[in-house]
Amino acid sequence: MIKLKTDHEIEKMAKSGKIASRAMADVFDNVRPGITTKELDKIAYKAIVKNGGVPAFKGYRGFPASICTSINEQVVHGIPNGKPLEDGDILSVDLGVVLDGYNSDLARTFTVGNVSSEVIKLVEATKQSFFEGLKGFAVGNRLMDISRRIQDYAENAGYSVVRDLVGHGIGADLHESPDVPNFVFKGPNPRLNAGLVLAIEPMINMGVYEVD
């Protein structure tokens, strides 16, 4: 069931999102060769709690950290550890915040030190695919208007779109209906109504779209 939000609920979610954004900015300021993802996790936790939030991921389905840290070929859901980041890595950070009973969910991919131009092009194309998808997120459109725009942009740029992992609705629960595929799909294609809140999460690969 798709849960539409009131203006008051969306206002609460926006406040949660601001805390998530501040925490992500603190992570960004500290991404460099030699730092560990476990250290970045502590930085994010401190920023979230300092601003009155609760890490949404910590303890969620047993997840042990406040952020997901996925390096290079890892797509999502990487667990912070003590291995230092290396020059040339890319790091995807996913974090969420609960504030006053409502969730936010935010992901960014950062370059570490000197990264190849090929990798920078991938990161930029993935970022732009998000904004292309966002153009389809309008009252009266359908869910696939988002998905098609993401897929078209990514594939026209020469990349593939992960099929096994998708975006989602969000609100009082971290994951709500509907799923938000980043590709044209078969199945329900609901109309986008006022009050719908989504986490749009493009996941784009250089090679094949399959993941292990």
If you place +1 on the Cβ of every Lys and Arg, -1 on the Cβ of every Asp and Glu, and leave all else neutral, what size is the dipole of region 116-212 about its Cα centre, to the nearest 20 Debye?
400
Could you please report the charge total around Leu174, scoring K, R as +1 and D, E as -1 over all other residues with beta-carbon less than 14 angstrom from its beta-carbon?
-3
Relative contact order of the chain, please, whole-number percent, based on alpha carbon pairs below 8 angstrom and at least 6 residues apart.
21
Decide, for region 91-203, between rounded, prolate and oblate: order the square roots of the alpha carbon gyration tensor eigenvalues as a ≥ b ≥ c, take rounded if a/c falls under 1.5, and otherwise choose prolate if a/b is larger than b/c, else oblate.
oblate
Order of Ser16, Ser92, Ser21 under a 10 Å beta carbon neighbour criterion, fewest first
Ser21, Ser92, Ser16
Which value in nm describes the separation of the simple spin-label points at Lys50 and Ile2, placed 7 Å from the Cα toward the beta carbon?
3.9
Lysines near Lys5 by alpha-carbon distance under 21 Å, same-chain residues fewer than 8 away left out - which ones?
Lys15, Lys18, Lys135
Work through the residues other than Arg149 whose Cβ is under 15 Å from its Cβ and net out their charges, Lys, Arg +1 and Asp, Glu -1.
-1
Around Val184, under 13 Å between beta carbons, what's the net of Lys plus Arg minus Asp minus Glu among the other residues?
+2
Leaving out same-chain residues fewer than 8 places away, which aspartates and glutamates sit with a Cα under 14 Å from that of Lys12?
Asp100, Asp105, Asp173
I want to check the label-to-label distance for Asp164 and Ala25. Put each point 7 Å from Cα in the C-beta direction and report it in nm to one decimal.
3.6
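Could you order peptides 118-129, 165-176, 183-194 by the average number of other Cβ atoms within 10 Å of their residues, highest first? Present the calculation step by step, with values, prior to reporting the outcome.
On the way: 118-129: 16.3, 165-176: 18.3, 183-194: 12.7.
Taking the mean over residues of other Cβ atoms within 10 Å, the ranking is 165-176, 118-129, 183-194.
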In whole Hz, the Karplus estimates of ³J(HN,Hα) for region 37-42 (6.51, -1.76, 1.60; θ = phi - 60°; x where Gly or Pro) are 5, 5, 5, 5, 4, 5
Would you please classify the overall shape of region 36-134 from the alpha carbon gyration tensor, given that a ≥ b ≥ c denote the square roots of the eigenvalues, rounded means a/c under 1.5, and beyond that prolate means a/b larger than b/c while oblate covers the rest?
oblate
Sequence neighbours fewer than 8 away in the same chain don't count; with that in mind, list the aspartates and glutamates whose C-alpha is under 15 Å from Lys42.
Asp26, Asp29, Asp94
Reported label for calculated volume of the Cα convex hull per residue in Å³ given (1) 106; (2) 116; (3) 124:
(2)
Using +1 on the beta carbon of Lys and Arg, -1 on that of Asp and Glu, and nothing else charged, what's the dipole of the chain about the Cα centre, debye to 20?
560
Enumerate the residues in region 107-140 having an amide nitrogen under 18 Å from the point lying 7 Å beyond the Cα of Glu86 toward its Cβ.
110-120
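Computed from the coordinates by the stated procedures, all read-outs in this text should not be read as laboratory data. These numbers were taken from a predicted model, which means no experiment stands behind them. Cβ atoms come from the backbone with ideal geometry, glycine included; neighbour counts cover every protein chain shown.
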